Amino acid sequence: MSFNTALTRKLGIKVPVVQGGMQWVGYAELASAVSNAGGLGILTALTQPTPEDLRKEIRKCRTMTKNPFGVNLTLLPAMVPPDYGAYAQVIIDEGIKIVETAGNNPGPVINQLKKAGTIILHKCTTIRHAKSAAKLGVDFLSIDGFECAGHVGEHDITNFILLSRARQELKIPFIASGGFADGWGLAAALALGAEGINMGTRFMATVEAPIHNNIKEAIVNAEETDTALVLRRWKNTSRLFANKVTKDALEIEKNSTTGEFSEVAPFVSGKRGRQVFLNGDPDFGVWTAGQVIGLIHDIPTCQDLLARIEKEAIQATERNRSLYTQSKL
């Protein structure tokens, strides 16, 4: 028995699970492990300091897996925006056929990638944005619920509603993102009309994730209440692990009389967040985590995790079938 969804067919994968792009986490070690286990591993383009560094990482990943893998390219506000077009061109030049896009004004990059025949999975937090992305010709929509890590949008729509709205409104296939950690979640997403799931935080707590083990243990020991929403005041809401720095940033956000972003900027620095994954101090800087941390209780290999998810999803589906019996007339 194997999965046969629009996602597995189009991407050439065995299990309908995508490892979402994660800043400072989406390196070749993790992406290749997920792909080798039957899912879709994804490199994070902007984790690499230059387009040429991304080229090297793609080539490295190709030596570590013969299975399909993709690249995430997220477009977010920045004082000095990266050269997104140059990153996209490297993706095209290196023959990558699957790209996860997200963020603001993705039209030019999506157009550039689509001209090269790239399969696009675009992340959205509302149905309105999903419909706009569909008009750009994306192949799959990754519907990102409010439970997710990182940028949650400004509308606070949880996946149970968002996925059902997607099923009702969207004309192209979609996958579910935010709040998924096991096969029961995969089965639920499929039942709601999705073609698969996207997982980020769950893959951080795996053997192959290239982050300090202390952070993996912090995820395992956390509860679903151990995240916080920061930067809502500036309409850039992010879900972060609720450590000391996150709480300090929240206090400034709530109490600032000026509303100047510069007051909170040192606390939400990406450079400090990067060091968390290297030095293993979960309080050194801010780092993203979804509410799904409450469902994560171990640190398996990607192979063991995806095998377990596949088994659980089949069990959940069979259980649901057993609840229905044909009435005798």
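Checking R239, R274, R308 one by one, the residue that is assigned by TED's automatic domain parsing to the domain that holds L76, closer than 27 Å to K216 by Cα, in contact (Cβ under 8 Å) with a residue 40 or more places away in the chain and basic (K, R) is R308 and no other.
Taking the stated definitions as given, is F267 over 22 Å from the mean Cα position of the chain (by Cα), modelled with pLDDT of 95 or more, surrounded by 14 or more Cβ atoms within 10 Å (Cβ to Cβ) and not assigned by TED's automatic domain parsing to the domain that holds F203?
Considered against the rule, which asks whether it is over 22 Å from the mean Cα position of the chain (by Cα), modelled with pLDDT of 95 or more, surrounded by 14 or more Cβ atoms within 10 Å (Cβ to Cβ) and not assigned by TED's automatic domain parsing to the domain that holds F203, F267 comes out as no.
Scanning the range 274-290 for residues that are over 14 Å from F203 (Cα atoms) and within 17 Å of the chain's Cα centre (by Cα) yields a count of 1.
Considering every residue within the range 81-95, establish whether at least one is on the phi > 0 side of the Ramachandran plot, assigned to a loop (DSSP other than H, G, I, E, B) and not charged (D, E, K, R).
In the first step, residues of the range 81-95 are kept if they are on the phi > 0 side of the Ramachandran plot; the result is 95.
Cutting the leftovers down to assigned to a loop (DSSP other than H, G, I, E, B) gives us 95.
Still in the running and not charged (D, E, K, R): 95.
Yes - at least one qualifying residue is present in the range 81-95.
Report yes if some residue within the range 126-146 is among the acidic types (D, E) and either assigned to a strand (DSSP E or B) or in the same structural domain as L231 (by TED's automatic domain parsing) (or both); otherwise report no. Within the range 126-146, one or more residues are among the acidic types (D, E) and either assigned to a strand (DSSP E or B) or in the same structural domain as L231 (by TED's automatic domain parsing) (or both).
Results for (1) crowded, with 19+ Cβ neighbours inside 10 Å; (2) aliphatic (A, V, I, L, M), shown as yes or no for each residue.
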| position | (1), (2) |
| --- | --- |
| V15 | yes, yes |
| M22 | yes, yes |
| G26 | yes, no |
| E29 | no, no |
| A33 | yes, yes |
| A37 | yes, yes |
| L46 | yes, yes |
| V71 | yes, yes |
| Q89 | no, no |
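For the range 241-256, state whether one or more residues are within 30 Å of P16 (Cβ to Cβ), of a type outside the set (V, I, T) and touching a strand residue (DSSP E or B) at 6+ places or on another chain (Cβ under 8 Å). Yes, the range 241-256 contains a residue that is within 30 Å of P16 (Cβ to Cβ), of a type outside the set (V, I, T) and touching a strand residue (DSSP E or B) at 6+ places or on another chain (Cβ under 8 Å). Of the numbered criteria (1) at pLDDT 95 or above; (2) buried (at least 21 other Cβ atoms within 10 Å of the Cβ); (3) over 19 Å from I299 (Cβ atoms), the one G150 fails is (1).
This table checks each residue for (1) under 13 Å from the mean Cα position of the chain (by Cα); (2) among the β-branched types (V, I, T).
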{"position": "T44", "(1), (2)": "yes, yes"}
{"position": "R62", "(1), (2)": "no, no"}
{"position": "A88", "(1), (2)": "no, no"}
{"position": "A102", "(1), (2)": "yes, no"}
{"position": "T125", "(1), (2)": "yes, yes"}
{"position": "A133", "(1), (2)": "no, no"}
{"position": "H151", "(1), (2)": "yes, no"}
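Regarding T225, is this residue at pLDDT 95 or above, assigned to a helix (DSSP H, G or I) and outside the structural domain of I13 (by TED's automatic domain parsing)? Answer is no for this residue.
Please find, within the range 278-329, the residue that is farthest from E224 (Cα to Cα) out of those that are aliphatic (A, V, I, L, M) and exposed (fewer than 15 other Cβ atoms within 10 Å of the Cβ). Selected residue: L329.
The values are calculated or read from the model by the stated rules, or taken from the named source; none is laboratory data. In this text the structure is predicted, and so the values were computed from the model without any measurement. Heads up, the Cβs are rebuilt from the backbone with ideal geometry, glycines too, and the neighbour counts pull from every protein chain shown.
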